[in-house]
């Protein structure tokens, strides 16, 4: 399920009002104007919004984390467009369910000339044969497919189905979006808590918004738990303080100031501890950020950057370990993901350091930006296509593997460029690289 994904009539655009439904279901947007976030795809004038409003949508795949609006957007489309809307969940549906939907769609179009939009939630759960069963009917236009997935569709959805669909990536809602949704839930008298007197402290509101981590359904579920389990006082006021918010969302309050200074200061201390070869300091700041609710993938990305920027070729293993840790955090999740993350952090903080590669690319970029792009020497140009030899491309190129040690000195920079961008250090593995490179450079200077 996705944002507000349960308890909604198949083709209706009316918002459910039953108090028995969860708050997240009742708060489902009825139209695009009520849809919060994802302005990059449904903002005014954007392609998808224009297609929806013109009732000219093609097959779509929505990709993003839970609670970002994938299912909600599909439901909004169902209320705006004229096509019949039906949905299945890939977890429970099989090929027989797909065929039933297709047969009904064919009959509906034949009798009523009405197209069918099929929404497949968690489409990545379909295996290859199930996805293949959809393909011919999407291709011939019998059904318009809308798939929702939390997994990268370029890995999980058949390429043939992808080529016939437009993929839209949905991002976690930012805190401004979350605050709007929270206030709407508190003030709406029809489907929210507008008929009650709910007072929520700024600290409690900030806690719910921040620790929902861009997942609106999670935040609304926490708000509902807080409201429905808090006894009104003698004036019939339901007061939600920070302690209640913490209990409702099961996240301890940690001081990360609203301006973000604490966030940036802590990540700075973390990276500088790795750079300064202090694994204890690096682990301390890592633990503090994990406890504060930082995204572990954000932290893993920072370690990957540090492995190249600060360790570099002094120990090339650092980058391999950092990338492996990032991938491990992705498929393990938390709390287990903290273990490979800590392994990569302590390794990077414990090995020799070199920023020569980092400095080298910056210097090379500065060079080409200020002095222009030099022409490729003729012997280095592509000679694989017909007629290239007539242009002199590749003439005189010396294939290094034909020579002892797989090396032969020749020119690799444009004429007039004598700059040395990569200056290896004497630390770790880079000391060996430095000796090899310096010898080669001396040989090339003689050419």
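Bear in mind that the values in this text are calculations on the coordinates, not laboratory data. Nothing here was measured: the structure is a model prediction, and the numbers come from that model. Please note: Cβ atoms are built from the backbone with ideal geometry, for glycine as well, and neighbour counts cover all protein chains shown.
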### Query
Under the classification rounded if a/c is under 1.5, otherwise prolate if a/b is larger than b/c and oblate if not, where does the stretch 175-249 fall, given a ≥ b ≥ c as square roots of the Cα gyration tensor eigenvalues?
oblate
### Message
Rounding to the nearest 10 and keeping the result within 0 to 90°, find how far the Cα-based axis of helix 279-291 lies from the longest principal axis of the chain.
### Response
20 degrees
### Task
State, as an integer percentage, the relative contact order of the stretch 297-395 based on alpha-carbon contacts under 8 Å between residues 6 or more apart.
26 percent
### Query
With all pairs of different alpha carbon atoms counted, what Kirkwood hydrodynamic radius in Å does the stretch 358-445 show?
15.3 Å
### Query
Which angle between 0 and 90 degrees, to the nearest 10, do you get for helix 296-306 versus the longest principal axis of the chain when only C-alpha atoms count?
10 degrees
### Query
Sorted by mean Cβ packing within 10 Å, highest first, what order do the peptides 29-38, 103-112 take?
29-38, 103-112
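Would you please calculate the Kirkwood hydrodynamic radius of the stretch 343-396 over all C-alpha pairs and express it in Å, rounded to one decimal?
15.0 Å
Where does the chain land at 222 nm, in deg cm²/dmol rounded to the nearest 500, when only DSSP H runs of n ≥ 4 count, each adding -39500 (n - 2.57), divided by all residues?
Result for the chain, helices only: -14000 deg cm²/dmol.
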### Message
Whole percent per 5 Å bin, from 0 to the bin with the longest distance: what is P(r) over all C-alpha pairs of the stretch 261-350?
### Response
3, 17, 30, 27, 17, 6, 1
### Task
Could you work out how far helix 175-187 tilts from the main Cα principal axis of the chain, as a 0 to 90 degree angle to the nearest 10?
10 degrees
### Query
So how do 212-219, 91-98 stack up, highest first, on mean other-Cβ count within 10 Å?
212-219, 91-98
### Task
Using only the alpha carbons, work out the radius of gyration and Dmax of the stretch 23-169 in angstrom.
14.6, 40
### Query
Can you give the relative contact order of the stretch 175-249 as a percent, counting alpha carbon pairs under 8 Å and 6+ residues apart?
36 percent
### Task
Identify which of the listed values of Cα Rg over 2.2 N^0.38 Å was calculated from the structure shown: (1) 1.10; (2) 0.96; (3) 1.29.
(3)
### Query
Sorting 88, 143, 408 on the 10 Å Cβ count, fewest up front, what's the list?
408, 88, 143
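For 115, 50, what's the fewest-to-most ordering of other Cβ within 10 Å of each Cβ?
Result, fewest neighbours first: 50, 115.
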